[in-house]
Amino acid sequence: MQNLTERTLQSISVLEADPEIRNMLKLVDQHFDLWTERLFPLLQSKRIACYPYVVKLLHESGHTVATVELVRKYISVIRARRGIPAKPFKAPIGVTPTVTFTRPAREVRADPAVRVQAAPVAQAEAVPGVVPVEVTDWHAEFKRLDSEERSAPWNGSDQWMWNWLTEKARIRGLHLFRNAPDVEEMLTMTQKSCYTHLLTKYSRFHK
């Protein structure tokens, strides 16, 4: 019987060979300059998540295989091909990040070896009117997020995880949307999966 690694690699090969997936890289490459030079700065000025917004545009244009992860990956690939460094996030003037917890999250700790505090990073604000409800089982939350309809409301558990992720990123001077790959490196696999779902879900409440 094939082991899980072999089966996973075979599945990846099949998915990557999908003509629609392969065409997506070409599509992103064709629009790279328009998005990064004109669209993204406008979205950032309005504090709208860039990748989920692009995914929405792609879906509306009939490219339903597009996901936040796929767009982020291909933009990184194109930047690397062209030798373009990722631009640091510039916070809109006058925006002050605020994070509220129902109680301190035990997992959020600064690295004791790092004594230099990073400059404040403006994060996406909380969804108004939603009271955080502490999450103790990230796997259960992932299963919920993964099975939700697009119309599902932003709830207290979503808000708590968003606050937790925001604080986790802030400690390292990162932004949840602009520095997603670096944020993911600090998370467990289950937390990373929740994070990806929350990025997409959050963008629906900030169109």
- line: Residue by residue through the stretch 65-79, the couplings from Karplus 6.51 cos²θ - 1.76 cosθ + 1.60 with θ = phi - 60°, in Hz, x for Gly and Pro, are 7, 5, 9, 4, 4, 5, 5, 4, 4, 5, 5, 5, 4, 5, 4
- request: Could you list 141, 184, 60 in order of exposure, starting from the residue whose Cβ has the fewest other Cβ atoms within 10 Å?
  value: 60, 184, 141
Full-extension gain in nm, residue 11 to residue 26, via 0.36 nm per residue minus C-alpha separation: 3.2 nm
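Ranked from highest to lowest mean number of other Cβ atoms within 10 Å per residue, what is the order of the peptides 169-176, 151-158?
In descending order of packing, they fall as 169-176, 151-158.
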query: Of 168/192; 56/192; 26/143; 46/201; 56/168, which pairs sit farther than 23 Å apart, going by alpha carbon to alpha carbon?
result: 26/143; 56/168
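Each reported figure results from applying straightforward, stated rules to the coordinates on display, with no laboratory input. All values reported here derive from a predicted model rather than from experimental measurement. Neighbour counts run over all protein chains shown; Cβ positions are idealised from the backbone, glycine included.
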